[in-house]
Amino acid sequence: MVMNRFRKAPAMLAVMASAMLWSCGGGDKHPTSTDPGDQSTTTGVEYNVEEGFQVNDYYGQPDGPNLVYIEGGRSTLGSFEEDVLMLRDNIERTVTVASFFMDETEVANIHWLEYLFYLKRDSSEEAFSNALPDTLVWESELAFNDPYVDHYFRYPGFRYFPVVGVNWLQANAYTGWRTSMVNRRLAEAAGAEVPEGGGRIPLESGFVLPDYRIPTEAEWEYAATALIGTQWLDENQSHKRLYPWDGHATRNPNGPDMGHFLANFKRGRGDYAGIAGKLNDGAMITDNIYQYPPNDYGLYSMAGNVSEWVGDVYRPLNFQDMDDLNPFRRDGHHDEASNYDKEGFQTIIDDHVRVYKGASWKDVAYWMSPGTRRYLPEDSCTATIGFRCSMIRAGSNY
């Protein structure tokens, strides 16, 4: 018995030494996501041996095209503007929004044309047809907007103008296609095998991105307000914002562009851009997605140009009707569609009506306040609504 005990001693010592190496990390080091070591801290079994558990290299979430980082935190969301419609559907409330990524610009015509090109090449005729934007949104019985019907989407001069005539369902489908295209490119760059037929590349690979998606309303409002620019000392903000910039005015108060409008919006009845020789906001319809100064997160046109779809189903918001961490409404939970008289034509509210945020080229300044909100059926589209994408910051607890 004693001899057997001593025979086992070298093996026991090896395991103990291995455990000590892990606990001390060859010094003071603990395993991390980017440096997990060569073997398991719970079984001692080596990684990446033949037919063993494979732990791929990981260097952090790759940079996604057009995305900028939005550091999350606590914020008071809700309408900071006078409630002129007396809806009380976005009362001020304190929430925490986790860090995420968001497109620095709205999705433009050139991006949607690229999408259509690959759908026509790689997908069915039905998928291609379903993705076509409705260019007839420019039509009006009492206006001559016919040139926009034929030219706005396809003419090269409008390439970097925001795509419109796209409903929420089409925008949501685009996010899935974009995810697939970006991750295939990342897989090819990593020298990995790309699945046939557009199959999903496993997240465990370490080189692909999480899904692109339509932002939640809380993410959009938080990012538009960009209160990181008002940060002062320790957890203090010097002021709130009515718009995505400082002050109560819509004109630039500083520098060589002093007096110029900071967004593309409707100045008043019949006034979309000013007078000839001094077209102040420079756009009678939409404008280039990079035209106006970005906010403090580096996001362009979070006020004006086009309104933007967000992910939430519309309901009036109150303190009892939300989570206070990453709030998001996906259906009529706690506020069923049966509460609303859609059948009697008193409302359009049901579980297929989505929120859209921000002002468009056709809206007055009131709607440029990030807390304002409107809604439309998810299969509806207009010449004033576009969208941008967002993405979680994976592997992070803030």
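The values are calculated or read from the model by the stated rules, or taken from the named source; none is laboratory data. None of these values were measured; they are calculated from a predicted model. No Cβ is skipped: glycine too gets one built from the backbone with ideal geometry, and neighbour counts run over all protein chains shown.
Some notes on this structure:
- Only a single item in (1) part of a loop (DSSP other than H, G, I, E, B); (2) closer than 26 Å to Thr179 by Cβ; (3) within 16 Å of the chain's Cα centre (by Cα); (4) of a type outside the set (Asp, Glu) is not met by Tyr222, and it is number (1).
- Per-region count, the stretch 192-207, residues closer than 10 Å to Asn56 by Cβ and part of a helix (DSSP H, G or I): 2
- Qualifying residue in the stretch 234-243 (condition: assigned by TED's automatic domain parsing to the domain that holds Leu376, among the charged types (D, E, K, R) and touching a strand residue (DSSP E or B) at 6+ places or on another chain (Cβ under 7 Å)): no
- Test for Val95: is it in the same structural domain as Ala226 (by TED's automatic domain parsing), at pLDDT below 95 and either surrounded by 16 or more Cβ atoms within 10 Å (Cβ to Cβ) or not in a helix (DSSP H, G or I) (or both): yes
- Residue check, Asp287 out of contact with any Cys (no Cβ under 7 Å at 6 or more places or on another chain), closer than 18 Å to Phe161 by Cβ, surrounded by fewer than 24 Cβ atoms within 10 Å (Cβ to Cβ) and not aliphatic (A, V, I, L, M): yes
- Taken over the stretch 266-279, the criterion of being touching a Lys or Arg at 6+ places or on another chain (Cβ under 8 Å) and in contact (Cβ under 8 Å) with a residue 12 or more places away in the chain is satisfied by Lys266, Tyr272.
- A residue that is outside any helix (DSSP H, G or I) and of a type outside the set (S, T, N, Q) can be found somewhere in the stretch 165-186.
- Some residue of the stretch 13-33 being surrounded by fewer than 15 Cβ atoms within 10 Å (Cβ to Cβ), under 30 Å from Ile214 (Cβ atoms), at pLDDT 50 or above and under 27 Å from the mean Cα position of the chain (by Cα): yes
- Any chance Pro210 is crowded, with 22+ Cβ neighbours inside 10 Å, within 21 Å of the chain's Cα centre (by Cα) and outside any helix (DSSP H, G or I): no
- Pairs where the first residue, in the stretch 198-224, is touching a residue at least 40 places away in the same chain (Cβ under 8 Å) and on the phi > 0 side of the Ramachandran plot and the second is of a type in the set (S, T, N, Q) and part of a loop (DSSP other than H, G, I, E, B), C-beta under 8 Å, 6+ apart: Gly206/Asn56
- For the stretch 47-79, a tally of residues being over 17 Å from Ala218 (Cα atoms) and out of contact with any Gly (no Cβ under 7 Å at 6 or more places or on another chain) returns 17.
Residues checked against (1) surrounded by fewer than 17 Cβ atoms within 10 Å (Cβ to Cβ); (2) in contact with an Asp or Glu (Cβ under 9 Å, 6 or more places away or on another chain); (3) over 28 Å from Arg251 (Cα atoms):
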| position | (1), (2), (3) |
| --- | --- |
| Asp323 | yes, no, yes |
| Asp341 | yes, no, yes |
| His352 | yes, yes, yes |
| Ala359 | no, no, no |
| Gly371 | no, yes, no |
| Pro377 | yes, yes, yes |
| Ile385 | no, yes, no |
| Asn397 | yes, no, yes |
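- From the list Trp245, Trp168, the lone residue that is more than 27 Å from Ala131 (Cβ to Cβ), hydrophobic (A, V, I, L, M, F, W, C) and buried (at least 20 other Cβ atoms within 10 Å of the Cβ) is Trp245.
- The stretch 98-144, subset in a loop (DSSP other than H, G, I, E, B) and without any contact (Cβ under 8 Å) to a residue 12 or more places away in the chain, residue nearest to Thr382 (Cα to Cα): Glu139
- All of (1) surrounded by 17 or more Cβ atoms within 10 Å (Cβ to Cβ); (2) within 22 Å of Asn145 (Cα to Cα) hold for Gly274 with one exception: (1).
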